[in-house]
1. Shape of segment 37-88 from its Cα gyration tensor (a ≥ b ≥ c, root eigenvalues): rounded if a/c is under 1.5, otherwise prolate when a/b > b/c, or oblate?
2. Could you report the chain's accessible area per residue, 1.4 Å probe, as an integer in Å²?
3. Please list 3J(HN,Hα) in residue order for segment 18-25, calculated via the Karplus relation 6.51 cos²θ - 1.76 cosθ + 1.60 where θ = phi - 60°; whole Hz, with x for glycine and proline.
4. How high is the relative contact order of segment 16-78, in percent, with contacts defined as C-alpha pairs under 8 Å that are six or more residues apart?
5. Give, rounded to the nearest 20 debye, the magnitude of the charge dipole that the chain has about its Cα centre when Lys and Arg contribute +1 at Cβ and Asp and Glu contribute -1 at Cβ.
6. Per residue of segment 35-47, in order, report the coupling 6.51 cos²θ - 1.76 cosθ + 1.60 (Karplus, θ = phi - 60°) as ³J(HN,Hα) in whole Hz, putting x for Gly and Pro.
7. Candidates (1) 16.7, 66; (2) 12.1, 40; (3) 16.4, 64; which is the computed Rg and Dmax of the Cα atoms in Å?
8. Before rounding to the nearest 500, sum -39500 (n - 2.57) across all DSSP H runs of length at least 4 in the chain and divide by the residue total; then give [θ] at 222 nm in deg cm²/dmol.
Amino acid sequence: MAASRFPPATLTLKQFIRRQQVLLLYRRILQTIRQVPNDSDRKYLKDWAREEFKRNKSATEEDTIRMMITQGNMQLKELEKTLTLAKS
């Protein structure tokens, strides 16, 4: 008998969409961090972002994940504002 190509717990559509939102947020945060001019600040922020995402990797409750995505987007906007102000 051939083994299934799908993992034992296949994601629902809602879970898949949330996962895509989280991955997009992570990529956007890392792209924004690359614009930080100071090397030590950039490394600190990159390590911080990576650690936050790892720490919350096991979250499964829908409301909790939605709240974390919202907080992450707010922190991303704050970082973007700070970088814009630093450049001007």
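1. Verdict is oblate for segment 37-88.
2. Counting only protein heavy atoms, the per-residue value for the chain is 85 Å².
3. With coefficients 6.51, -1.76 and 1.60, one gets 4, 4, 5, 5, 5, 5, 5, 4 Hz.
4. The normalised contact order for segment 16-78 reaches 47 percent.
5. Dipole of the chain, to the nearest 20 debye: 300 debye.
6. Per residue, the Karplus-derived 3J(HN,Hα) values read 7, 5, x, 7, 4, 5, 5, 4, 5, 4, 5, 5, 4 Hz.
7. (3)
8. -25500 deg cm²/dmol
The values are calculated or read from the model by the stated rules, or taken from the named source; none is laboratory data. Just so we're clear, the structure is a prediction, and the values are computed from it rather than from any experiment. No Cβ is skipped: glycine too gets one built from the backbone with ideal geometry, and neighbour counts run over all protein chains shown. To get the accessible areas, we keep the full protein, side chains included, count just its heavy atoms, and leave off ligands, DNA and RNA. Shrake-Rupley method; radii C 1.70, N 1.55, O 1.52, S 1.80 Å.
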